[in-house]
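Trainee: Quick one: the structure is below, and I'll ask about it shortly.
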Amino acid sequence: GQQLNQSPQSMFIQEGEDVSMNCTSSSIFNTWLWYKQDPGEGPVLLIALYKAGELTSNGRLTAQFGITRKDSFLNISASIPSDVGIYFCAGHRGGAQKLVFGQGTRLTINP
Amino acid sequence: DVKVTQSSRYLVKRTGEKVFLECVQDMDHENMFWYRQDPGLGLRLIYFSYDVKMKEKGDIPEGYSVSREKKERFSLILESASTNQTSMYLCASSSPGVGEKLFFGSGTQLSVL
């Protein structure tokens, strides 16, 4: 099945740095989502985007739905230790369609 | 607090054993899903169900089956476990109409020796 191309696969940063990651697809999605998986837990929904060009924030997190509808971006500002985990992008075409996930970006933060 | 509960956090089984992974949700969701998570491969859909007694194959159903006898419970079955089925298994549920908003369990790390 199709998967989204998510990058980078891993990031090692210092506490306080900003983080950027992105997700691309060869086909269009109607909804883009970002999930975060804490160590030892299942993924939790962070942000859902429903309109091309939409920019949505959740605290220090900001995500954008690309204008082409084939990509999405997630930024984290001023990273803190609890930001550690795996971030997954996901695309949805609507209705009863299944979610398509990216490979994940593993974020590690050095204090 | 809404919950998706997976019966085991860790399981160790032997090759050829029949393995049952259980998942229960308390949100009255119609939709339930089983994913496996492997490093570098993200989340891959094994099977899903949109109603009791209904099941659909996902992207990697080979070697797996499922059972949904009650709305709140969705079981994943490995008929004859193999070492390449060693993985993290995640159960999820969602409501129709907001099918993109999945609620995940904490996962079962299965090791097949």
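The values are calculated or read from the model by the stated rules, or taken from the named source; none is laboratory data. Everything numeric in this text was worked out from a predicted model, so none of it was measured. Here Cβ is always computed from backbone atoms with ideal geometry, including for glycine, and neighbour counts include all displayed protein chains. SASA here: full protein model, heavy atoms, side chains in, ligands and nucleic acids out. Shrake-Rupley method; radii C 1.70, N 1.55, O 1.52, S 1.80 Å.
Trainee: Check B:13, B:53, B:18 and return the single one that is farther than 24 Å from residue A:93 by Cα, at pLDDT below 95 and more than 10 Å from chain A (Cβ to nearest Cβ).
Mentor: B:53
Trainee: When only residues in the range A:1-22 that are part of a strand (DSSP E or B) and farther than 19 Å from residue A:108 by Cα count, which is nearest to the other protein chains (Cβ to nearest Cβ)?
Mentor: A:4
Trainee: Next question, about the same structure. Across the range A:95-111, which residue is nearest to the other protein chains (Cβ to nearest Cβ) among those that are open to solvent by 10 Å² or more (accessible area, probe 1.4 Å) and within 27 Å of residue A:52 (Cβ to Cβ)? Reasoning before the result, please.
Mentor: Taking the range A:95-111 as the starting set, the residues that turn out to be open to solvent by 10 Å² or more (accessible area, probe 1.4 Å) are A:95-100, A:103, A:106, A:108-111.
With within 27 Å of residue A:52 (Cβ to Cβ) added as a condition, the list becomes A:95-100, A:103.
Working: A:95: 8, A:96: 7, A:97: 8, A:98: 6, A:99: 6, A:100: 9, A:103: 4 Å.
Applying the filter and picking the extreme gives A:103.
Trainee: All but one of (1) within 11 Å of chain B (Cβ to nearest Cβ); (2) under 17 Å from residue A:5 (Cβ atoms) hold for residue A:45; state the number of the condition that does not hold.
Mentor: For residue A:45, the exception is condition (2).
Trainee: Would you point out which residue out of B:90, B:110 is over 19 Å from residue B:25 (Cβ atoms) and touching a Phe, Trp or Tyr at 6+ places or on another chain (Cβ under 7 Å)?
Mentor: Working: B:90 fails: over 19 Å from residue B:25 (Cβ atoms).
Within the list B:90, B:110, the selection yields B:110.
Trainee: Within the range A:23-36, track down each residue that is within 11 Å of the chain's Cα centre (by Cα) and either open to solvent by less than 30 Å² (accessible area, probe 1.4 Å) or within 12 Å of chain B (Cβ to nearest Cβ) (or both).
Mentor: Restricting attention to the range A:23-36, the residues satisfying the condition of being within 11 Å of the chain's Cα centre (by Cα) are A:23-24, A:32-36.
If the condition is that a residue be within 11 Å of the chain's Cα centre (by Cα) and either open to solvent by less than 30 Å² (accessible area, probe 1.4 Å) or within 12 Å of chain B (Cβ to nearest Cβ) (or both), then A:23, A:32, A:33, A:34, A:35, A:36 are the ones that fit.
Trainee: Which of the residues that make up the range B:87-102 are within 12 Å of another protein chain (Cβ to nearest Cβ), part of a strand (DSSP E or B) and surrounded by fewer than 21 Cβ atoms within 10 Å (Cβ to Cβ)?
Mentor: The answer is B:88, and nothing else.
Trainee: Quick check on the range A:52-94: of everything there that is outside any strand (DSSP E or B), open to solvent by less than 70 Å² (accessible area, probe 1.4 Å) and within 23 Å of residue B:44 (Cα to Cα), which residue is nearest to the other protein chains (Cβ to nearest Cβ)? Talk me through it step by step, then tell me what you get.
Mentor: Within the range A:52-94, the first condition is being outside any strand (DSSP E or B), and the residues that meet it are A:52-54, A:59-60, A:66-70, A:77-84, A:93-94.
In the following step, the residues that additionally are open to solvent by less than 70 Å² (accessible area, probe 1.4 Å) were identified as A:52-54, A:66, A:77-80, A:83-84, A:94.
Then keep just the ones that are within 23 Å of residue B:44 (Cα to Cα); that gives A:84, A:94.
On the way: A:84: 16, A:94: 8 Å.
Per the criteria, the residue is A:94.
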